[in-house]
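None of the figures in this text is laboratory data; all of them are computed from the coordinates on show. Not measured: the values here are computed from a predicted model.
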Amino acid sequence: MKSTLPVLLRSIVFTFGFAASAFAQCNNPASPGVIICTPTNGATVVYENEISIRSSPSSGASITGFAVYDKGTLIYQSPTGESGTNLFDGALINGTHDLVVTATDTAGNAYQATTSFTVTGQGYGPCPLPSSPGINFCNPPKGNEYGVNFAAGASAKGQGSITNLAFYLDGKFIGSARHNSYVEIAVQLAQQDTPYTLTVDATDSNGNKYTASRSVQANYTYGQYSCSFTCPPGINMVTPGSGAYVGNTFNIDMQIVGNTKPITKMKAFLDRTLVATADGPNLQQEVKGAPNGTHILTVEGWDTDGTTYLIEENININVSE
């Protein structure tokens, strides 16, 4: 199923009932209505976040469909008869979001659910144009943590139309785009904890030239996109997986694989609170008393050379209807 809206949303669609299992998934509400299981209200989640929606009709009726709004803007309209979905949303970028979901059934009943949450991480949005001729070099934001592979973005405004935007890393050309006022480009640094100078040059149709530079420095080498499954080197996530539903007590099972140097330490954090440690490449530990709601689980590891491995994912703790 592909939405015809301009915003790209990847979804898994549900149109029937769901098999219930403790802390395993987002279930249909027991009473007629619509619910947003995740992200839970007030949560901070890492990009990309998952929005899980379920609905139940009144007795003898069926759900006709639902719509999802973010701060009043329609971001998803379900096909007729769709009663629930998981939106793996690449469009809800860093910042606060206020979601409203409205659903209807064939008996004419209308239902509504709301949630507010904050997205953080590498969900960068396009840079707004500068107010005067020049360059707005906005991504990655200053102070943000990122790995040796990241996306950089800049916008430019000229006295005429922008004819070229070019990126340079320590003076070496890495990419450009013509006739665009905003460009996002993939950047790869040679190593972590080393400052590099990233420069953007712009030219307008009147021949004017503009430039902006920024020092960039990676915080880790093998990050959340380096090992989605078992793909060395990186962190192999056995459990919990991204978006998992777990109880207030749950097990962490993560291993660093494909590392060229011995791993000296691994740590796991729940919303920046240390919850597990290991002296080596295998982190297997039970976490007890975790707070309810959608939270960020961060797992880090270090080898004898100081190379950092890191993943961040959202998990849902004791979340149900």
Checklist entry - Can you list, bin by bin at 10 Å, the percent of alpha carbon pairs in the range 124-273, starting at 0? => result 10, 32, 25, 18, 11, 3, 0
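If you average over every viewing direction, what projected area does the convex hull of the Cα atoms of the range 198-321 give, in nm²? Could the numbers behind the result be given before it?
Details: hull surface 45.3 nm².
The orientation-averaged projected area of the Cα hull of the range 198-321 comes to 11.3 nm².
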Next on the checklist: What percentages make up the Cα-Cα pair-distance distribution of the range 96-204 when the bins are 5 Å wide from 0?
Outcome noted: 2, 10, 17, 17, 13, 10, 8, 6, 6, 5, 3, 2, 0, 0
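So between SER58 and THR273, what do we pick up on full extension, going 0.36 nm a residue minus the alpha carbon distance? All intermediate terms of the calculation are to be shown ahead of the outcome.
Details: separation 215, 0.36 × 215 = 77.40 nm, distance 4.27 nm.
Working it through step by step, the gained length comes to 73.1 nm.
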Item to check | Segment ASN149-ASN41, extension gain: residue separation times 0.36 nm, minus the distance between their alpha carbons | outcome: 35.7 nm
Checklist entry - Dividing the Cα convex hull volume of the range 232-291 by residue count, how many Å³ per residue is that? => result 81 Å³
Checklist entry - Taking the alpha-carbon set of the range 46-127, what are its Rg and Dmax in Å? => result 14.1, 50
